[in-house]
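To keep things clear, I will list the structure first and then write my remarks on it.
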Amino acid sequence: MSRRRLDSRSGLPGGLLGEVQTPITLEPVESVYEVTGELGRGKFAVVKRCMEKSTGKMFAAKFLRKRRRGRDCRAEVVHEMAVLELARNNPRVVNLHAAHETDHDIVLILEYAAGGEIFDHCVSDELLPEAQITRLIRQTLEGVHHLHQTNLVHLDLKPQNILLTSQSPPGDIKIVDFGLARRLGVAGELREIIGTPEYVAPEVLNYEPITTATDLWSVGVIAYMLVTGESPFVGDDKQETYLNVSQVNVDFSRDSFSRVSELAVDFIRKLLVKAPEDRPSAAECMSHPWLWQQQLCLSPEPVTVRHFRERSCGTKWAAPPEDPEDKENFRDSPHTHAKRFRLDEETAAAGDGDF
Ligand code: ADP
Ligand code: MG
C-alpha cells in the first residue's frame, strides 16, 4: 500500500485529524484483557481477539505500530482513532471502546465482529444468494452514506474491510480500517495514491481529485465480487491491474455472470463508471431496484431493469418499498441525493476546529 501526499495546508501532514476524546492509557493491555488468537493482520497492524477480564466481553485489539519505515507515525494512528470517533454514531462502523499505548504500538480496542470478512464469501465455493448480497450491500451503503454525511471518505473499502457480526447465517456488516480515511475539506484538495489498486477508483490511480464518489466505485467492486466470486480488475501484475482500472476494463458477458440477475449487473455498471461525477451517490444507490428485488420478486412477474423503468414513473430509479429494519439505520429518504463533496469546494471548512 503506497501513499503519496500532495497538499498540506493544515498543521498535520496530509490533513490528518489530531484530536481524540478517548483517553490513551499507558496501562498494559494484558492487565485489562486476556489476549487470545489472531484475527487478521496488515502491513503495520495485527488484530487479536481479546476478552475484557472485568466483564467477560469480547473485543478486537488492533496493535498499530507507531514506527513505520523508520518514521514516527503516531499521528497517523491518532488520526485513525479520531475518524472512528467521528463515526461513532454510525451503527455500520465498528465501535472504538478504548485505547492503550506501549513503547511500540497504540492498541485500539474495537467492537468484535465475530463473523469475519465478507471477503470469505467472495472466495468461497458457494457464493451467497443475491437476497443476502443485496442486504449486505444495503448495509454497506448505509454506512458509507453516514460517513459521507460527516464529510468522511473511507478510501479503502474492500471485502477485507467489511466484517460481519456473525458468520452463518451472515450477520450485519461493520466497516473497519480507517487508516486511509480522510475528512474532506480539512487540507485543501485531496489527491493521493493510496489503497489497493484492485479496489481503487481510476481517479486515485490517475492522481485526480478524490471525492465521496471514490468510495462508491469500491462499493461497485465489492458488489461485483460478491455476485461473481471474482475480482473485476485484477491483472497478472500491478501494471495490468492499473490499466484495467483506468480503462474500466470489465466484462459482464463472462461465464461468471451466467447466474447473476440483470438488476445486479445494472447496479454494478452504474458504479463502475470512470467519471466520478457520473456515479450515483450512496443515497441514490439505495433506491436502485436490485437492492429491493426480493420484495418485488414476491410478485409473479419476473423483475427486469425495463420493468423498473416503467414502474419508476419518470424518476431515475424506482422507489424502494418500505423496509422497517433498514429504515432505522438509513434515516434520510433514499431520494435525498447525498451532496457530492469536493475538497476544492470545501476549503471553507478547513478552520472548523478539527485540528
Ligand atoms: P489493516 O489496516 O492492517 O488492514 P484492519 O483494521 O483492516 O487492519 O484489520 C486487519 C484484519 O483484522 C481485518 O481484515 C479483519 O480480518 C480483522 N479485524 C479487524 N478489526 C476487527 C474487528 N473489530 N473484529 C474482528 N476482526 C477484525
Ligand atoms: Mg484492512
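The values are calculated or read from the model by the stated rules, or taken from the named source; none is laboratory data. Note that this is a predicted model, so its numbers are computed, not measured. Note that each Cβ is placed from the backbone with ideal geometry, even for glycine, and that neighbours are counted across all protein chains shown. What goes into the accessible areas is simple: the full protein's heavy atoms, side chains included, and nothing from ligands, DNA or RNA. Shrake-Rupley method; radii C 1.70, N 1.55, O 1.52, S 1.80 Å.
In table form, for the structure just shown:
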{"quantity": "Some residue of segment 178-187 being assigned to a loop (DSSP other than H, G, I, E, B), crowded, with 17+ Cβ neighbours inside 10 Å and over 21 Å from the mean Cα position of the chain (by Cα)", "calculated": "yes"}
{"quantity": "Number of positions in segment 44-59 that are out of contact with any Cys (no Cβ under 6 Å at 6 or more places or on another chain) and within 10 Å of ligand 1 (Cβ to nearest atom)", "calculated": "7"}
{"quantity": "Odd one out for Lys174, checked against (1) buried (at least 23 other Cβ atoms within 10 Å of the Cβ); (2) over 11 Å from the mean Cα position of the chain (by Cα); (3) in a strand (DSSP E or B)", "calculated": "(2)"}
{"quantity": "Test: residue in segment 60-68 that is crowded, with 19+ Cβ neighbours inside 10 Å, aromatic (Phe, Trp, Tyr) and within 12 Å of ligand 1 (Cβ to nearest atom)", "calculated": "yes"}
{"quantity": "Counted residues, segment 183-212 - those being farther than 16 Å from Tyr224 by Cβ and either assigned by TED's automatic domain parsing to the domain that holds Ala87 or small (Gly, Ala, Ser) (or both)", "calculated": "4"}
{"quantity": "Residue ID - nearest to ligand 1 (Cβ to nearest atom), chosen from residues in segment 112-126 that are surrounded by fewer than 20 Cβ atoms within 10 Å (Cβ to Cβ) and in a helix (DSSP H, G or I)", "calculated": "Phe119"}
{"quantity": "Failed criterion for Phe267 (all others in (1) over 16 Å from Ile133 (Cα atoms); (2) open to solvent by less than 30 Å² (accessible area, probe 1.4 Å) hold)", "calculated": "(1)"}
{"quantity": "Qualifying residue in segment 227-243 (condition: assigned to a helix (DSSP H, G or I), in contact with a helix residue (DSSP H, G or I) (Cβ under 6 Å, 6 or more places away or on another chain) and among the aromatic types (Phe, Trp, Tyr))", "calculated": "yes"}
{"quantity": "Cβ pairs under 8 Å, 6+ apart, first in segment 17-45 and within 16 Å of ligand 2 (Cβ to nearest atom), second open to solvent by 70 Å² or more (accessible area, probe 1.4 Å) and part of a strand (DSSP E or B)", "calculated": "Glu38/Arg49; Leu39/Arg49; Phe44/Arg65; Ala45/Arg65"}
{"quantity": "Qualifying positions in segment 132-163 - within 11 Å of ligand 1 (Cβ to nearest atom) and either surrounded by fewer than 24 Cβ atoms within 10 Å (Cβ to Cβ) or part of a helix (DSSP H, G or I) (or both)", "calculated": "Asp156, Lys158, Pro159, Gln160, Asn161"}
{"quantity": "Check on Glu27, more than 14 Å from ligand 1 (Cβ to nearest atom), in contact with a strand residue (DSSP E or B) (Cβ under 7 Å, 6 or more places away or on another chain) and assigned to a loop (DSSP other than H, G, I, E, B)", "calculated": "yes"}
{"quantity": "Inter-residue pairs, beta-carbon under 9 Å, first closer than 17 Å to Gln139 by Cβ and small (Gly, Ala, Ser) and in segment 157-183, second within 10 Å of ligand 1 (Cβ to nearest atom) and open to solvent by 20 Å² or more (accessible area, probe 1.4 Å), 6+ apart", "calculated": "Ser166/Ala114; Gly171/Ala114; Gly171/Thr165"}
